[in-house]
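Notes to accompany the following structure.
The values are calculated or read from the model by the stated rules, or taken from the named source; none is laboratory data. Note that the structure is a prediction, hence the values are computed from the model and not measured. With ideal geometry, Cβ positions are generated from the backbone for all residues, glycine too; neighbour counts draw on all protein chains shown.
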Amino acid sequence: MGVLNVTPDSFSDGGRYAGLEEAVAHGLRLAGEGAAIIDVGGESTRPGAQPVSLADELARVVPVIEALRKASPAIVSVDTSKPEVMRAAARAGAGLINDVRALRAPGALAAAAASGCAVCLMHMQGEPATMQQAPHYADVTAEVRAFLEERAAVARAAGLAPDQLLVDPGFGFGKNMTHNLTLLRELRSITAGAVPVLVGLSRKSLIGTLTGKAAAERVHGSVALAVLAVAQGARIVRAHEVAATVDALKVTAAVIGGG
């Protein structure tokens, strides 16, 4: 899954692809590097991020989704929690809804169920504006696993088929470095479940803390974490540097027997 932020304030590439032409060109570049999914986001969910209006988010993502669907066979994903954006994105050709709030916003569950899209349900403790101020868990892996199992059950009860669902443990979303490292070490506990797991570790602050590198310089750390996650059973990796990640995962898959 290649990351395409059409926002002015995302943590590592805000503003770079805010224009339609730049966004579509970058999405096609990611697909050309091997991304099977292009994840289009119109609202930053970085720590401290503030919400954007519905009108702004729609204006940012819908034209990009429409253009990418016409130009590429890649699945287009919409990174949103708003039911109105889910419906508009599905009409524009999106095939996946990637929701950091796991369909907990009012109306989101019904919108996703009616969209025909696959859905990724992510764990987040708190909200982006405050989630990194004081995250706390008694057992981070057990609590994340229980939340994802509960949201998947809710989604199935609302009419989503089992093969429409993905889950994401939400690295960096209401989790400190110890939580993130523990969750990655114990990821098999989550990937052993019935629902395929997507991970988003690319350029995260965890890598910056460990390496001292700025966000745009974290490619090597990002690839290392992607390999570790796939070795623990993750099925989809969300990445900024697609070409490097694809090469590493081809090798990883051959070694662990995944083909």
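Identify, by number, the condition in (1) within 13 Å of Val237 (Cβ to Cβ); (2) touching an Asp or Glu at 6+ places or on another chain (Cβ under 7 Å) that Val219 doesn't meet.
(1) is the only condition that Val219 fails.
Could you look through region 151-177, keep only residues that are charged (D, E, K, R) and buried (at least 23 other Cβ atoms within 10 Å of the Cβ), and pick out the one that is nearest to Val140 (Cα to Cα)?
Lys175
Just name the residue that is nearest to Ser44 (Cα to Cα) out of those in region 90-113 that are assigned to a helix (DSSP H, G or I), without any contact (Cβ under 8 Å) to a residue 40 or more places away in the chain and aliphatic (A, V, I, L, M).
Among those residues, the one meeting the criterion is Ala108.
What are the residues in region 136-157 that are part of a helix (DSSP H, G or I) and of a type in the set (D, E, K, R), if any?
Once the filter is applied, which keeps residues that are part of a helix (DSSP H, G or I) and of a type in the set (D, E, K, R), region 136-157 yields Glu143, Arg145, Glu149, Glu150, Arg151, Arg156.
How many residues does region 137-148 hold that are surrounded by 12 or more Cβ atoms within 10 Å (Cβ to Cβ) and either free of Cβ contacts under 8 Å to residues at least 40 places away in the same chain or over 19 Å from Asn98 (Cβ atoms) (or both)?
So the count comes out to 7.
Sort through Arg60, Arg46 and tell me the only one that's within 14 Å of the chain's Cα centre (by Cα) and under 18 Å from Thr7 (Cα atoms).
When all the criteria are applied, what remains is Arg46.
Give all pairs with beta carbons closer than 8 Å in which a residue from region 181-196 that is of a type in the set (Asp, Glu) meets a residue that is surrounded by 15 or more Cβ atoms within 10 Å (Cβ to Cβ); count only pairs at least 6 apart in sequence or on separate chains.
Glu186/Thr141
Here is a list: Arg203, Arg218, Arg235. Which entry is touching a strand residue (DSSP E or B) at 6+ places or on another chain (Cβ under 9 Å), charged (D, E, K, R) and farther than 28 Å from Gly257 by Cβ?
Exactly one residue qualifies, and that residue is Arg203.
Looking only at region 32-68, which residues are of a type outside the set (Asp, Glu) and in contact with a strand residue (DSSP E or B) (Cβ under 6 Å, 6 or more places away or on another chain)?
Listed by number, the residues that qualify are Ala35, Ile37, Ile38, Val40, Gly41, Val61, Val64, Ile65, Leu68.
Somewhere in region 21-34, is a residue in contact (Cβ under 8 Å) with a residue 60 or more places away in the chain and part of a loop (DSSP other than H, G, I, E, B)?
The answer is yes, given that some residue of region 21-34 is in contact (Cβ under 8 Å) with a residue 60 or more places away in the chain and part of a loop (DSSP other than H, G, I, E, B).
Just a yes or no: is a residue in region 18-40 at pLDDT 95 or above and basic (Lys, Arg)?
Looking for residues that are at pLDDT 95 or above and basic (Lys, Arg), one finds at least one in region 18-40, hence yes.
Output the number of residues of region 223-259 satisfying the condition of being buried (at least 21 other Cβ atoms within 10 Å of the Cβ) and hydroxyl-bearing (Ser, Thr, Tyr).
Looking only at that region, the number is 1.
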